[in-house]
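Colleague: Before I ask anything, let me first share the structure, which is written out below as structure tokens.
The values are calculated or read from the model by the stated rules, or taken from the named source; none is laboratory data. Just so we're clear, the structure is a prediction, and the values are computed from it rather than from any experiment. Heads up, the Cβs are rebuilt from the backbone with ideal geometry, glycines too, and the neighbour counts pull from every protein chain shown.
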Amino acid sequence: MKHTAFLTGAASGIGFATASALYQRGWTLGLADINSTALQQLTEGWDAQRCHRYSLDVTDAGAFTAAVADFAGHNGGRLELLFNCAGILAIDRFENIAASHHRQIMDINVLGVIHGCQAAFPWLRQTRGALVINMSSASATYGIPHMASYSASKFAVSGLTEALQLEWEEYGIRVCDVMPPFVSTPMLDSQTAAAPVLNRLGVHLQAADVTAVILRQIEAPRTHRTVSLQFALAYGLSQLLPRRVTRAVLRFLNR
């Protein structure tokens with residue numbers, strides 16, 4: 001039986017890397033991105049029977065519902081995987097970011113995930129072994145200075161993931177996320193302002209590193225799966241130590 005997946009943010013970075021990996025493994029894909037031109041160009045030559053493209057603004061709940069329904073309709077009502085990857089980032093001091101931009105971050109990073117889960121639920125529910133993977137972040141462990149609203153959005157994704165993991169158990173739907181630290185993607189590379197924490201820790205991951213972890217989530221889901229050994233150790237310690245220790249470390253890194 002063929003595997004089916006619907007992915008957002010599929011025209012760049014982690015979304016495209018994951019789409020490519022799944023396509024190479026024979027999956028049938030619904031690929032969504034607000035940048036339909038880039039999506040078309042990047043997937044030129046892909047088998048039209050296994051690649052369905054959607055121009056999608058994830059903040060539009062109705063459009064999201066229609067896109068997922070269309071994709072499921074092409075595949076006998078089956079949807080094995082929803083990967084909520086679309087997201088945006090703004091690095092700067094909190095007061096320097098316009099209120100409209102803070103809202104856009106929350107709308108895309110949080111409401112986009114909610115809309116995806118709502119749109120996909122009817123199809124996930126009727127697919128044996130269905131899975132949702134949400135894109136979270138190391139920033140969901142403790143708020144990162146100069147990335148305040150982004151961190152807040154990822155805390156929300158983490159909480160949503162935990163709640164749905166329990167709530168949807170009765171339907172046989174597994175819900176999990178991935179938590180990478182800083183990754184070299186167009187989203188990060190396009191930033192013009194600097195964050196001291198980012199400058200001190202550096203960027204050591206590529207999109208392919210995150211995709212490898214996503215593939216492990218598909219095989220053996222965990223509620224939260226970290227990316228990179230360094231962050232895995234830091235995350236494990238953060239769950240054991242008082243939060244004031246994490247706060248002290250971040251205060252030091254933010255100097």
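Colleague: Could you say whether any residue in segment 109-119 is in contact with a Gly (Cβ under 6 Å, 6 or more places away or on another chain) and under 30 Å from R255 (Cα atoms)?
Modeller: Looking through segment 109-119, at least one residue is in contact with a Gly (Cβ under 6 Å, 6 or more places away or on another chain) and under 30 Å from R255 (Cα atoms).
Colleague: Sticking with this structure for a sec: Return the total of residues in segment 58-100 being outside any helix (DSSP H, G or I) and either more than 21 Å from I133 (Cβ to Cβ) or of a type outside the set (A, V, I, L, M) (or both).
Modeller: Total meeting the criteria: 18.
Colleague: Anything in segment 132-149 that is closer than 11 Å to V110 by Cβ and over 12 Å from the mean Cα position of the chain (by Cα)? List them, or say none.
Modeller: Hit for segment 132-149 is S149, nothing else.
Colleague: Considering each of S36, S20 in turn, give the residue that is under 16 Å from the mean Cα position of the chain (by Cα), among the polar types (S, T, N, Q) and surrounded by fewer than 21 Cβ atoms within 10 Å (Cβ to Cβ).
Modeller: Only one candidate passes the filter, namely S20.
Colleague: Starting from segment 58-71, take each residue that is in contact (Cβ under 8 Å) with a residue 60 or more places away in the chain and surrounded by fewer than 17 Cβ atoms within 10 Å (Cβ to Cβ) and list its partners that are assigned to a helix (DSSP H, G or I) and not aromatic (F, W, Y), counting only C-beta distances under 9 angstrom and pairs at least six apart or across chains.
Modeller: As it stands, the answer is none, since no pair meets every condition given.
Colleague: In segment 56-98, which residue that is touching a strand residue (DSSP E or B) at 6+ places or on another chain (Cβ under 8 Å) and charged (D, E, K, R) is farthest from G26 (Cα to Cα)?
Modeller: Among those residues, the one meeting the criterion is D70.
Colleague: Let me ask something additional. From the list R247, R200, R255, which one is exposed (fewer than 13 other Cβ atoms within 10 Å of the Cβ), of a type outside the set (A, V, I, L, M), modelled with pLDDT under 85 and in a loop (DSSP other than H, G, I, E, B)?
Modeller: Matching residue, one of R247, R200, R255: R255.
Colleague: Here's a follow-up. For segment 2-47, which positions are touching a residue at least 40 places away in the same chain (Cβ under 8 Å), outside any helix (DSSP H, G or I) and either out of contact with any strand residue (DSSP E or B) (no Cβ under 6 Å at 6 or more places or on another chain) or closer than 15 Å to N84 by Cβ (or both)?
Modeller: Within segment 2-47, H3, A5, F6, L7, T8, G9, A10, S12, G30, A32, D33, I34 meet the criteria.
Colleague: Given the residues Q104, Q165, Q118, which is the only one that is surrounded by fewer than 20 Cβ atoms within 10 Å (Cβ to Cβ), part of a helix (DSSP H, G or I) and either in contact with a strand residue (DSSP E or B) (Cβ under 7 Å, 6 or more places away or on another chain) or at positive phi (or both)?
Modeller: Exactly one residue qualifies, and that residue is Q165.
Colleague: Being surrounded by fewer than 22 Cβ atoms within 10 Å (Cβ to Cβ), of a type in the set (V, I, T) and under 24 Å from G159 (Cα atoms) is the requirement here; does I91 meet it?
Modeller: In short, yes.
Colleague: If you don't mind, another one. Just to check your reading of the model, which residue among N134, N109 is assigned to a strand (DSSP E or B), at negative phi and of a type in the set (S, T, N, Q)?
Modeller: The unique qualifying residue is N134.
Colleague: Here are the criteria: (1) crowded, with 24+ Cβ neighbours inside 10 Å; (2) of a type in the set (D, E, K, R); (3) under 27 Å from G76 (Cα atoms). Tell me which single one E170 does not satisfy.
Modeller: Checking E170 against (1) crowded, with 24+ Cβ neighbours inside 10 Å; (2) of a type in the set (D, E, K, R); (3) under 27 Å from G76 (Cα atoms), the one that fails is (1).
Colleague: Are any of the residues in segment 221-228 basic (K, R), in a loop (DSSP other than H, G, I, E, B), touching a strand residue (DSSP E or B) at 6+ places or on another chain (Cβ under 9 Å) and at pLDDT 75 or above?
Modeller: Yes, segment 221-228 contains at least one residue that is basic (K, R), in a loop (DSSP other than H, G, I, E, B), touching a strand residue (DSSP E or B) at 6+ places or on another chain (Cβ under 9 Å) and at pLDDT 75 or above.
Colleague: Go through segment 137-156 and count every residue that is in contact (Cβ under 8 Å) with a residue 60 or more places away in the chain and out of contact with any Phe, Trp or Tyr (no Cβ under 9 Å at 6 or more places or on another chain).
Modeller: 3
Colleague: If you check L188, L215, which single one turns out to be under 20 Å from T4 (Cα atoms) and not in a loop (DSSP other than H, G, I, E, B)?
Modeller: Going through L188, L215 in turn, the sole match is L215.
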